[in-house]
Amino acid sequence: MKRFVTTLFFLVSALALAFVGWYWWKSNAERADAAKPVSTRNLVVNHDEGGTAGEDVGKPATGNLNRIGALPDEVVISVESQNLDQDEGEEQILIVKKTGAKPTGLAVVIADWLPERKIWIRSWESLIPVTKLTTLQLQVRDILGDHRLCIVIAGMDEINEQTLTLFRPRIESETTGLAYMPIVSLAADSVFIEAIERPESYQLAQSNGSPFRILSFSRDRESENPLDQVRTTWTWDGRGSVYATSSIDRIPGAQVEQEIANKVLTGRASDFEDFLQGLWYDADSGPRDPKARLLVFDRKGASIIFFSGDSQEVFHWNESHSTRTGLYIGTQNESVQTLKRLLDIEMTGAESVAVRVFEDLLMKIDSENRWDGTYRRLTAGKTAAVKVATLLDLAGAWQSPKARLSFKEGSYSLELDSSSSLGRYIQYRVGTDQVVELLAGTGGQRIHYEIELRTNKDGSRNLTLTPVVPTINGLERKESGSLNLTQKKQR
Ligand SMILES: [Ca+2]
(Lines give C-alpha, C1' and ligand atoms only; values in the text may rest on other atoms or scores of the structure.)
Protein backbone atom coordinates (compact mmCIF):
# COMPACT_ATOMS: atom_id res chain seq x y z
CA MET A 1 0.00 0.00 0.00
CA LYS A 2 2.77 2.31 1.00
CA ARG A 3 4.47 1.60 -2.31
CA PHE A 4 1.23 2.37 -4.23
CA VAL A 5 0.86 5.72 -2.45
CA THR A 6 4.47 6.60 -3.25
CA THR A 7 3.95 5.72 -6.92
CA LEU A 8 0.72 7.71 -7.06
CA PHE A 9 2.46 10.68 -5.44
CA PHE A 10 5.21 10.65 -8.08
CA LEU A 11 2.67 10.28 -10.86
CA VAL A 12 0.60 13.26 -9.67
CA SER A 13 3.75 15.33 -9.14
CA ALA A 14 4.94 14.54 -12.65
CA LEU A 15 1.55 15.49 -14.10
CA ALA A 16 1.49 18.72 -12.11
CA LEU A 17 4.99 19.57 -13.28
CA ALA A 18 4.08 18.82 -16.87
CA PHE A 19 1.01 21.05 -16.58
CA VAL A 20 2.97 23.92 -15.03
CA GLY A 21 5.59 23.52 -17.76
CA TRP A 22 2.98 23.53 -20.53
CA TYR A 23 1.22 26.56 -19.04
CA TRP A 24 4.51 28.42 -18.73
CA TRP A 25 5.42 27.60 -22.33
CA LYS A 26 1.95 28.60 -23.60
CA SER A 27 1.84 31.97 -21.83
CA ASN A 28 5.37 32.72 -22.99
CA ALA A 29 4.47 31.91 -26.57
CA GLU A 30 1.46 34.21 -26.36
CA ARG A 31 3.59 37.00 -24.98
CA ALA A 32 6.14 36.45 -27.73
CA ASP A 33 3.36 36.62 -30.32
CA ALA A 34 2.14 39.92 -28.88
CA ALA A 35 5.63 41.36 -29.02
CA LYS A 36 6.34 40.12 -32.54
CA PRO A 37 6.86 42.84 -35.09
CA VAL A 38 4.16 43.48 -37.59
CA SER A 39 5.74 42.75 -40.88
CA THR A 40 4.57 44.97 -43.66
CA ARG A 41 6.10 46.10 -46.90
CA ASN A 42 9.38 47.79 -46.21
CA LEU A 43 10.98 49.64 -49.09
CA VAL A 44 14.21 51.49 -49.47
CA VAL A 45 15.41 53.94 -51.99
CA ASN A 46 17.43 52.40 -54.74
CA HIS A 47 20.48 54.61 -55.09
CA ASP A 48 21.90 52.77 -58.05
CA GLU A 49 19.75 54.61 -60.51
CA GLY A 50 21.49 57.93 -60.08
CA GLY A 51 19.86 60.98 -61.57
CA THR A 52 16.39 59.52 -61.67
CA ALA A 53 15.06 61.67 -58.95
CA GLY A 54 12.00 61.41 -56.89
CA GLU A 55 9.14 59.03 -56.97
CA ASP A 56 10.91 55.73 -57.45
CA VAL A 57 10.70 53.75 -54.24
CA GLY A 58 12.96 50.98 -55.45
CA LYS A 59 13.30 47.43 -54.28
CA PRO A 60 12.09 45.87 -51.05
CA ALA A 61 14.60 45.90 -48.24
CA THR A 62 15.35 43.24 -45.74
CA GLY A 63 16.58 44.02 -42.27
CA ASN A 64 14.86 46.34 -39.87
CA LEU A 65 11.26 45.31 -39.34
CA ASN A 66 8.73 47.93 -38.49
CA ARG A 67 7.19 47.34 -35.09
CA ILE A 68 3.90 48.96 -36.06
CA GLY A 69 1.80 48.27 -39.10
CA ALA A 70 1.35 50.62 -42.02
CA LEU A 71 -2.04 52.27 -42.38
CA PRO A 72 -4.13 51.19 -45.40
CA ASP A 73 -3.08 54.27 -47.37
CA GLU A 74 0.63 54.05 -46.54
CA VAL A 75 3.73 52.39 -47.91
CA VAL A 76 6.63 52.05 -45.51
CA ILE A 77 9.79 53.29 -47.19
CA SER A 78 12.40 53.03 -44.47
CA VAL A 79 12.68 52.00 -40.86
CA GLU A 80 15.42 52.99 -38.49
CA SER A 81 15.78 51.85 -34.89
CA GLN A 82 17.40 54.36 -32.55
CA ASN A 83 17.29 55.24 -28.92
CA LEU A 84 15.63 58.64 -29.08
CA ASP A 85 14.96 59.40 -25.44
CA GLN A 86 15.91 58.74 -21.83
CA ASP A 87 14.47 55.24 -21.52
CA GLU A 88 16.75 52.38 -22.43
CA GLY A 89 15.00 50.67 -25.32
CA GLU A 90 15.14 51.75 -28.93
CA GLU A 91 12.31 53.51 -30.67
CA GLN A 92 11.70 53.45 -34.42
CA ILE A 93 11.57 56.21 -37.00
CA LEU A 94 9.65 55.29 -40.13
CA ILE A 95 9.48 57.19 -43.37
CA VAL A 96 6.19 56.42 -45.08
CA LYS A 97 4.56 57.50 -48.28
CA LYS A 98 0.93 58.51 -47.94
CA THR A 99 -0.88 57.21 -50.97
CA GLY A 100 -4.46 58.17 -50.08
CA ALA A 101 -6.44 61.05 -51.47
CA LYS A 102 -5.43 63.55 -48.84
CA PRO A 103 -2.97 64.36 -47.45
CA THR A 104 -0.37 62.84 -49.73
CA GLY A 105 3.40 62.94 -49.67
CA LEU A 106 6.09 61.67 -47.36
CA ALA A 107 5.68 61.52 -43.62
CA VAL A 108 7.81 60.65 -40.60
CA VAL A 109 6.27 58.31 -38.03
CA ILE A 110 7.49 57.36 -34.55
CA ALA A 111 6.87 53.89 -33.12
CA ASP A 112 7.29 53.74 -29.34
CA TRP A 113 7.15 50.88 -26.86
CA LEU A 114 4.87 51.33 -23.88
CA PRO A 115 6.29 49.17 -21.08
CA GLU A 116 3.12 49.43 -18.92
CA ARG A 117 0.91 48.01 -21.64
CA LYS A 118 3.68 46.00 -23.30
CA ILE A 119 2.79 47.14 -26.80
CA TRP A 120 4.25 49.14 -29.67
CA ILE A 121 2.19 52.15 -30.68
CA ARG A 122 2.27 54.82 -33.39
CA SER A 123 3.00 57.63 -30.97
CA TRP A 124 3.49 60.53 -33.40
CA GLU A 125 3.62 61.43 -37.08
CA SER A 126 4.03 64.44 -39.33
CA LEU A 127 4.10 65.16 -43.04
CA ILE A 128 7.44 66.43 -44.37
CA PRO A 129 8.05 68.77 -47.32
CA VAL A 130 10.56 66.52 -49.10
CA THR A 131 9.19 65.07 -52.35
CA LYS A 132 12.35 63.75 -54.02
CA LEU A 133 12.90 60.58 -52.10
CA THR A 134 16.49 59.96 -53.18
CA THR A 135 17.56 63.26 -51.63
CA LEU A 136 15.93 62.59 -48.28
CA GLN A 137 18.29 62.68 -45.33
CA LEU A 138 17.27 61.83 -41.81
CA GLN A 139 19.38 62.51 -38.77
CA VAL A 140 18.89 62.42 -35.04
CA ARG A 141 20.99 65.10 -33.34
CA ASP A 142 21.15 67.34 -30.34
CA ILE A 143 20.67 70.57 -32.29
CA LEU A 144 19.68 72.79 -29.36
CA GLY A 145 22.48 71.71 -27.02
CA ASP A 146 20.08 70.56 -24.29
CA HIS A 147 21.11 66.87 -24.54
CA ARG A 148 17.82 65.95 -26.16
CA LEU A 149 17.69 64.55 -29.66
CA CYS A 150 15.91 66.42 -32.42
CA ILE A 151 14.84 64.78 -35.67
CA VAL A 152 16.40 66.54 -38.65
CA ILE A 153 14.94 65.98 -42.10
CA ALA A 154 16.36 67.48 -45.27
CA GLY A 155 15.81 66.95 -48.97
CA MET A 156 14.49 68.51 -52.11
CA ASP A 157 10.93 69.45 -52.86
CA GLU A 158 8.95 69.56 -56.08
CA ILE A 159 10.41 72.88 -57.25
CA ASN A 160 14.00 71.74 -56.59
CA GLU A 161 14.43 73.81 -53.48
CA GLN A 162 16.25 72.35 -50.52
CA THR A 163 14.12 71.89 -47.46
CA LEU A 164 15.06 71.52 -43.82
CA THR A 165 12.63 70.52 -41.08
CA LEU A 166 13.49 70.12 -37.41
CA PHE A 167 11.36 68.37 -34.81
CA ARG A 168 12.03 68.71 -31.12
CA PRO A 169 10.86 66.12 -28.55
CA ARG A 170 7.92 67.11 -26.37
CA ILE A 171 7.79 66.07 -22.73
CA GLU A 172 7.21 62.36 -22.90
CA SER A 173 4.01 60.82 -21.63
CA GLU A 174 3.94 57.24 -20.34
CA THR A 175 0.52 56.61 -21.78
CA THR A 176 0.83 58.18 -25.21
CA GLY A 177 4.56 57.69 -25.92
CA LEU A 178 7.16 59.85 -27.58
CA ALA A 179 5.95 62.89 -29.53
CA TYR A 180 7.58 65.85 -31.28
CA MET A 181 6.88 69.43 -32.27
CA PRO A 182 8.18 71.25 -35.36
CA ILE A 183 10.59 74.07 -34.55
CA VAL A 184 11.57 75.12 -38.05
CA SER A 185 10.67 74.23 -41.63
CA LEU A 186 12.49 76.04 -44.45
CA ALA A 187 12.75 75.82 -48.22
CA ALA A 188 15.42 77.77 -50.11
CA ASP A 189 18.15 77.56 -52.77
CA SER A 190 20.34 76.23 -50.04
CA VAL A 191 19.75 75.67 -46.34
CA PHE A 192 21.97 74.13 -43.71
CA ILE A 193 22.70 73.80 -40.03
CA GLU A 194 25.96 75.33 -38.88
CA ALA A 195 27.49 72.78 -36.53
CA ILE A 196 30.03 74.16 -34.11
CA GLU A 197 32.13 71.97 -31.87
CA ARG A 198 30.82 71.89 -28.32
CA PRO A 199 33.05 72.18 -25.24
CA GLU A 200 34.21 69.25 -23.19
CA SER A 201 31.83 70.11 -20.36
CA TYR A 202 29.01 69.49 -22.80
CA GLN A 203 30.50 66.18 -23.93
CA LEU A 204 30.69 65.15 -20.27
CA ALA A 205 27.04 66.19 -19.79
CA GLN A 206 28.07 68.80 -17.21
CA SER A 207 26.65 71.71 -19.17
CA ASN A 208 24.39 72.55 -22.05
CA GLY A 209 25.81 73.61 -25.41
CA SER A 210 24.76 76.50 -27.62
CA PRO A 211 21.96 75.83 -30.06
CA PHE A 212 23.22 75.59 -33.64
CA ARG A 213 22.36 78.32 -36.13
CA ILE A 214 20.65 77.69 -39.45
CA LEU A 215 21.53 79.56 -42.64
CA SER A 216 19.35 79.76 -45.73
CA PHE A 217 20.09 81.31 -49.12
CA SER A 218 17.39 82.50 -51.52
CA ARG A 219 17.15 84.65 -54.59
CA ASP A 220 17.32 88.38 -53.97
CA ARG A 221 14.00 89.35 -55.50
CA GLU A 222 14.85 93.05 -55.46
CA SER A 223 17.80 92.50 -57.77
CA GLU A 224 17.82 91.87 -61.49
CA ASN A 225 20.85 89.58 -61.31
CA PRO A 226 19.46 86.08 -60.73
CA LEU A 227 22.67 85.11 -58.94
CA ASP A 228 22.28 87.78 -56.24
CA GLN A 229 21.15 86.14 -53.02
CA VAL A 230 19.73 86.90 -49.63
CA ARG A 231 21.26 85.06 -46.69
CA THR A 232 18.96 84.59 -43.71
CA THR A 233 20.35 83.54 -40.35
CA TRP A 234 17.97 81.66 -38.08
CA THR A 235 18.66 81.40 -34.37
CA TRP A 236 16.92 79.50 -31.62
CA ASP A 237 14.32 81.47 -29.71
CA GLY A 238 13.84 79.48 -26.51
CA ARG A 239 10.87 81.55 -25.33
CA GLY A 240 8.90 81.03 -28.52
CA SER A 241 10.23 77.49 -28.93
CA VAL A 242 10.99 78.14 -32.61
CA TYR A 243 13.85 79.18 -34.85
CA ALA A 244 13.44 82.84 -35.78
CA THR A 245 15.17 85.16 -38.24
CA SER A 246 18.02 86.99 -36.56
CA SER A 247 19.62 88.69 -39.55
CA ILE A 248 19.26 89.12 -43.30
CA ASP A 249 22.21 89.98 -45.52
CA ARG A 250 22.41 90.66 -49.23
CA ILE A 251 25.08 88.60 -50.98
CA PRO A 252 26.00 90.00 -54.38
CA GLY A 253 26.24 87.20 -56.90
CA ALA A 254 28.65 86.87 -59.75
CA GLN A 255 28.17 88.89 -62.88
CA VAL A 256 28.13 85.98 -65.23
CA GLU A 257 27.66 86.86 -68.86
CA GLN A 258 24.08 86.17 -69.72
CA GLU A 259 25.02 84.08 -72.73
CA ILE A 260 27.19 81.75 -70.66
CA ALA A 261 24.70 81.53 -67.79
CA ASN A 262 21.95 80.65 -70.25
CA LYS A 263 23.94 77.68 -71.50
CA VAL A 264 24.75 76.34 -68.06
CA LEU A 265 21.73 77.21 -65.92
CA THR A 266 19.11 75.63 -68.13
CA GLY A 267 17.30 73.66 -65.46
CA ARG A 268 18.71 70.44 -66.91
CA ALA A 269 21.17 68.70 -64.62
CA SER A 270 23.17 67.37 -67.57
CA ASP A 271 24.05 70.89 -68.79
CA PHE A 272 25.57 71.80 -65.46
CA GLU A 273 27.35 68.44 -65.31
CA ASP A 274 28.98 69.22 -68.65
CA PHE A 275 30.07 72.59 -67.29
CA LEU A 276 31.56 70.94 -64.19
CA GLN A 277 33.41 68.13 -65.97
CA GLY A 278 37.11 68.39 -65.21
CA LEU A 279 39.56 69.60 -62.61
CA TRP A 280 38.91 72.55 -60.27
CA TYR A 281 41.20 74.08 -57.66
CA ASP A 282 40.45 75.92 -54.45
CA ALA A 283 40.62 79.65 -55.25
CA ASP A 284 41.75 80.58 -51.71
CA SER A 285 45.03 78.70 -51.91
CA GLY A 286 48.01 80.29 -53.59
CA PRO A 287 48.71 79.13 -57.12
CA ARG A 288 51.85 77.32 -55.99
CA ASP A 289 50.46 75.85 -52.80
CA PRO A 290 51.27 72.12 -52.81
CA LYS A 291 48.49 71.51 -50.29
CA ALA A 292 45.83 73.09 -52.47
CA ARG A 293 42.53 71.28 -52.59
CA LEU A 294 41.51 69.99 -55.98
CA LEU A 295 38.18 68.58 -57.09
CA VAL A 296 37.70 66.39 -60.13
CA PHE A 297 34.18 66.05 -61.47
CA ASP A 298 33.79 63.10 -63.79
CA ARG A 299 30.18 62.46 -64.68
CA LYS A 300 31.03 59.86 -67.30
CA GLY A 301 32.97 57.80 -64.81
CA ALA A 302 30.34 58.63 -62.16
CA SER A 303 32.91 59.87 -59.69
CA ILE A 304 34.07 62.94 -57.82
CA ILE A 305 37.61 62.98 -56.46
CA PHE A 306 38.72 65.16 -53.57
CA PHE A 307 42.47 65.81 -53.63
CA SER A 308 44.22 67.43 -50.70
CA GLY A 309 47.99 67.38 -50.50
CA ASP A 310 48.95 63.75 -50.92
CA SER A 311 45.58 62.30 -50.06
CA GLN A 312 42.65 61.69 -52.29
CA GLU A 313 39.17 60.38 -51.70
CA VAL A 314 36.99 58.99 -54.45
CA PHE A 315 33.23 59.34 -54.17
CA HIS A 316 30.67 57.71 -56.40
CA TRP A 317 28.48 60.28 -58.14
CA ASN A 318 25.02 58.91 -57.30
CA GLU A 319 22.67 61.61 -58.48
CA SER A 320 22.31 65.22 -59.59
CA HIS A 321 19.46 67.65 -59.24
CA SER A 322 19.34 70.93 -61.04
CA THR A 323 18.89 73.95 -58.77
CA ARG A 324 18.22 77.59 -59.60
CA THR A 325 21.89 78.52 -59.37
CA GLY A 326 23.61 75.21 -59.99
CA LEU A 327 23.52 71.60 -58.99
CA TYR A 328 22.86 69.47 -55.94
CA ILE A 329 24.87 66.25 -56.00
CA GLY A 330 24.56 63.13 -53.87
CA THR A 331 27.74 61.04 -53.52
CA GLN A 332 29.04 58.15 -51.50
CA ASN A 333 32.56 57.08 -50.69
CA GLU A 334 33.87 54.29 -52.91
CA SER A 335 35.52 52.42 -50.04
CA VAL A 336 33.29 53.37 -47.09
CA GLN A 337 29.83 53.14 -48.58
CA THR A 338 28.07 54.57 -45.54
CA LEU A 339 30.06 57.79 -45.86
CA LYS A 340 27.95 60.14 -47.94
CA ARG A 341 28.67 63.65 -49.09
CA LEU A 342 26.18 66.09 -50.51
CA LEU A 343 27.53 68.87 -52.67
CA ASP A 344 25.65 72.05 -53.28
CA ILE A 345 27.31 73.76 -56.21
CA GLU A 346 26.58 77.27 -57.40
CA MET A 347 27.84 78.90 -60.54
CA THR A 348 29.73 82.03 -59.56
CA GLY A 349 31.36 82.76 -62.90
CA ALA A 350 32.22 81.33 -66.28
CA GLU A 351 35.25 79.68 -64.66
CA SER A 352 34.29 79.45 -61.01
CA VAL A 353 31.86 77.74 -58.68
CA ALA A 354 31.02 77.94 -55.00
CA VAL A 355 30.93 74.54 -53.35
CA ARG A 356 29.29 73.58 -50.08
CA VAL A 357 29.87 70.09 -48.80
CA PHE A 358 27.74 68.33 -46.23
CA GLU A 359 28.30 65.13 -44.39
CA ASP A 360 25.52 63.95 -42.10
CA LEU A 361 23.48 67.04 -43.02
CA LEU A 362 25.54 69.31 -40.85
CA MET A 363 28.14 71.71 -42.09
CA LYS A 364 31.15 71.47 -39.83
CA ILE A 365 32.27 75.06 -39.86
CA ASP A 366 35.27 74.70 -37.58
CA SER A 367 36.58 71.49 -39.02
CA GLU A 368 39.99 71.54 -40.69
CA ASN A 369 38.93 69.13 -43.37
CA ARG A 370 36.45 71.42 -44.98
CA TRP A 371 35.89 71.25 -48.67
CA ASP A 372 33.67 74.31 -48.87
CA GLY A 373 34.83 77.28 -50.83
CA THR A 374 35.20 78.84 -54.22
CA TYR A 375 36.86 76.73 -56.87
CA ARG A 376 38.29 77.76 -60.22
CA ARG A 377 38.56 75.67 -63.29
CA LEU A 378 42.04 74.60 -64.19
CA THR A 379 42.05 75.52 -67.81
CA ALA A 380 44.32 76.86 -70.46
CA GLY A 381 41.89 78.88 -72.50
CA LYS A 382 39.00 80.95 -71.26
CA THR A 383 36.61 79.74 -73.90
CA ALA A 384 36.97 76.15 -72.81
CA ALA A 385 34.50 76.69 -70.00
CA VAL A 386 31.24 76.27 -71.80
CA LYS A 387 32.42 73.69 -74.27
CA VAL A 388 31.64 70.10 -73.49
CA ALA A 389 34.80 68.30 -72.55
CA THR A 390 35.26 65.63 -75.17
CA LEU A 391 37.29 62.90 -73.60
CA LEU A 392 39.41 60.63 -75.74
CA ASP A 393 38.01 57.17 -76.32
CA LEU A 394 40.38 54.64 -74.80
CA ALA A 395 38.12 51.59 -75.02
CA GLY A 396 39.54 48.29 -76.13
CA ALA A 397 42.76 46.30 -75.82
CA TRP A 398 46.22 47.87 -76.09
CA GLN A 399 49.61 46.31 -76.12
CA SER A 400 53.32 46.84 -76.31
CA PRO A 401 56.21 44.38 -76.06
CA LYS A 402 56.16 44.89 -72.31
CA ALA A 403 52.55 45.60 -71.43
CA ARG A 404 48.93 44.67 -72.02
CA LEU A 405 46.26 47.16 -71.09
CA SER A 406 42.53 47.13 -71.61
CA PHE A 407 39.74 49.60 -70.92
CA LYS A 408 36.14 48.46 -70.78
CA GLU A 409 33.08 50.13 -69.24
CA GLY A 410 34.91 52.01 -66.52
CA SER A 411 37.26 49.15 -65.63
CA TYR A 412 40.84 48.56 -66.66
CA SER A 413 43.37 45.77 -66.46
CA LEU A 414 47.09 46.22 -66.82
CA GLU A 415 49.69 43.49 -67.15
CA LEU A 416 53.35 44.38 -67.03
CA ASP A 417 56.38 42.09 -67.01
CA SER A 418 56.63 41.98 -63.26
CA SER A 419 53.19 43.02 -62.04
CA SER A 420 49.54 43.34 -62.90
CA SER A 421 46.62 45.36 -61.61
CA LEU A 422 42.86 45.64 -62.03
CA GLY A 423 40.46 48.40 -61.10
CA ARG A 424 38.45 51.37 -62.23
CA TYR A 425 39.63 54.26 -64.36
CA ILE A 426 38.65 57.89 -64.57
CA GLN A 427 39.30 60.35 -67.36
CA TYR A 428 39.41 64.10 -67.07
CA ARG A 429 40.99 67.17 -68.59
CA VAL A 430 43.52 69.56 -67.15
CA GLY A 431 43.40 72.56 -69.43
CA THR A 432 43.95 71.10 -72.86
CA ASP A 433 45.72 68.02 -71.51
CA GLN A 434 43.86 64.81 -70.99
CA VAL A 435 44.43 62.52 -68.06
CA VAL A 436 43.45 58.98 -67.20
CA GLU A 437 43.67 57.83 -63.62
CA LEU A 438 43.97 54.13 -62.87
CA LEU A 439 42.54 53.15 -59.50
CA ALA A 440 43.76 49.71 -58.57
CA GLY A 441 41.31 47.62 -56.47
CA THR A 442 40.52 48.32 -52.82
CA GLY A 443 43.30 50.22 -51.11
CA GLY A 444 45.51 49.91 -54.15
CA GLN A 445 47.71 52.43 -55.86
CA ARG A 446 46.44 55.25 -57.99
CA ILE A 447 48.37 56.36 -61.03
CA HIS A 448 47.68 59.33 -63.25
CA TYR A 449 48.77 59.29 -66.87
CA GLU A 450 48.71 62.03 -69.42
CA ILE A 451 47.18 60.69 -72.62
CA GLU A 452 48.43 61.15 -76.15
CA LEU A 453 46.42 59.35 -78.78
CA ARG A 454 47.09 59.07 -82.50
CA THR A 455 45.04 57.27 -85.12
CA ASN A 456 47.03 55.89 -88.06
CA LYS A 457 45.96 55.64 -91.68
CA ASP A 458 45.30 51.92 -91.41
CA GLY A 459 42.90 52.52 -88.51
CA SER A 460 45.28 51.29 -85.83
CA ARG A 461 45.92 53.63 -82.89
CA ASN A 462 48.96 54.61 -80.83
CA LEU A 463 48.59 55.52 -77.17
CA THR A 464 51.32 57.12 -75.10
CA LEU A 465 50.75 57.26 -71.35
CA THR A 466 53.10 59.49 -69.36
CA PRO A 467 52.90 59.32 -65.55
CA VAL A 468 51.92 62.71 -64.09
CA VAL A 469 50.94 64.38 -60.83
CA PRO A 470 48.05 66.86 -61.11
CA THR A 471 48.82 70.16 -59.40
CA ILE A 472 47.45 73.65 -59.51
CA ASN A 473 50.06 74.62 -62.06
CA GLY A 474 48.97 71.88 -64.38
CA LEU A 475 50.51 68.48 -64.83
CA GLU A 476 53.91 67.62 -63.42
CA ARG A 477 55.37 64.94 -65.64
CA LYS A 478 57.45 62.11 -64.20
CA GLU A 479 60.55 61.04 -66.05
CA SER A 480 60.17 57.31 -66.07
CA GLY A 481 57.34 54.85 -66.41
CA SER A 482 55.89 55.88 -69.76
CA LEU A 483 54.00 53.32 -71.79
CA ASN A 484 53.81 53.24 -75.60
CA LEU A 485 50.94 51.04 -76.69
CA THR A 486 49.20 50.18 -79.93
CA GLN A 487 45.75 48.97 -80.80
CA LYS A 488 44.75 47.16 -83.97
CA LYS A 489 41.93 48.53 -86.04
CA GLN A 490 38.57 47.91 -84.34
CA ARG A 491 36.18 45.91 -86.46
CA1 LIG B 1 14.33 54.91 -25.66
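The values are calculated or read from the model by the stated rules, or taken from the named source; none is laboratory data. Please read these numbers as outputs of a predicted model, since none were measured by experiment. Here Cβ is always computed from backbone atoms with ideal geometry, including for glycine, and neighbour counts include all displayed protein chains.
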Exercise for the section: Output yes when any residue across segment 116-129 is within 16 Å of the ligand (Cβ to nearest atom), under 20 Å from the mean Cα position of the chain (by Cα) and of a type in the set (S, T, N, Q), and no when none is. Expected result: no
Practice task
Inspect segment 151-172 for any residue being among the hydroxyl-bearing types (Ser, Thr, Tyr), at pLDDT below 90 and more than 16 Å from the ligand (Cβ to nearest atom) and give the result as yes or no.
Solution key: no
Completion exercise
Filtering strands (runs of 3 or more DSSP E) wholly in segment 128-197 for at least 3 residues that are more than 28 Å from Trp317 (Cα to Cα) gives 162-169, 180-188
Exercise for the section: Assess whether Ser78 counts as being under 26 Å from Ser320 (Cβ atoms), among the polar types (S, T, N, Q) and either within 16 Å of the ligand (Cβ to nearest atom) or outside the structural domain of Arg341 (by TED's automatic domain parsing) (or both). Expected result: yes
Problem - Cβ pairs under 7 Å, 6+ apart, first in segment 89-104 and over 15 Å from Ser126 (Cβ atoms), second more than 16 Å from the ligand (Cβ to nearest atom) and acidic (Asp, Glu) - result: Thr99/Asp73; Thr99/Glu74; Gly100/Asp73
Problem - Of all residues making up segment 297-316, the number that are out of contact with any strand residue (DSSP E or B) (no Cβ under 6 Å at 6 or more places or on another chain) and within 17 Å of Gln434 (Cβ to Cβ) - result: 2
Handout entry: Ile68 vs. criteria surrounded by 14 or more Cβ atoms within 10 Å (Cβ to Cβ), over 26 Å from the mean Cα position of the chain (by Cα), at negative phi and within 16 Å of the ligand (Cβ to nearest atom)
Key = yes
Handout entry: Residue within segment 135-142 that is charged (D, E, K, R) and modelled with pLDDT of 90 or more present
Key = yes
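Quick grid of which residues meet (1) buried (at least 17 other Cβ atoms within 10 Å of the Cβ); (2) in contact with a Gly (Cβ under 9 Å, 6 or more places away or on another chain); (3) within 30 Å of Leu166 (Cα to Cα):
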{"position": "Tyr243", "(1), (2), (3)": "yes, no, yes"}
{"position": "Ala254", "(1), (2), (3)": "yes, yes, no"}
{"position": "Ala261", "(1), (2), (3)": "yes, no, no"}
{"position": "Leu265", "(1), (2), (3)": "yes, yes, no"}
{"position": "Asp282", "(1), (2), (3)": "yes, yes, no"}
Exercise for the section: Could you please let me know if Val75 is outside any loop (DSSP other than H, G, I, E, B) and either crowded, with 21+ Cβ neighbours inside 10 Å or small (Gly, Ala, Ser) (or both)? Expected result: no
Exercise for the section: Mind counting the residues in segment 130-150 that are under 22 Å from the mean Cα position of the chain (by Cα) and within 14 Å of the ligand (Cβ to nearest atom)? Expected result: 2
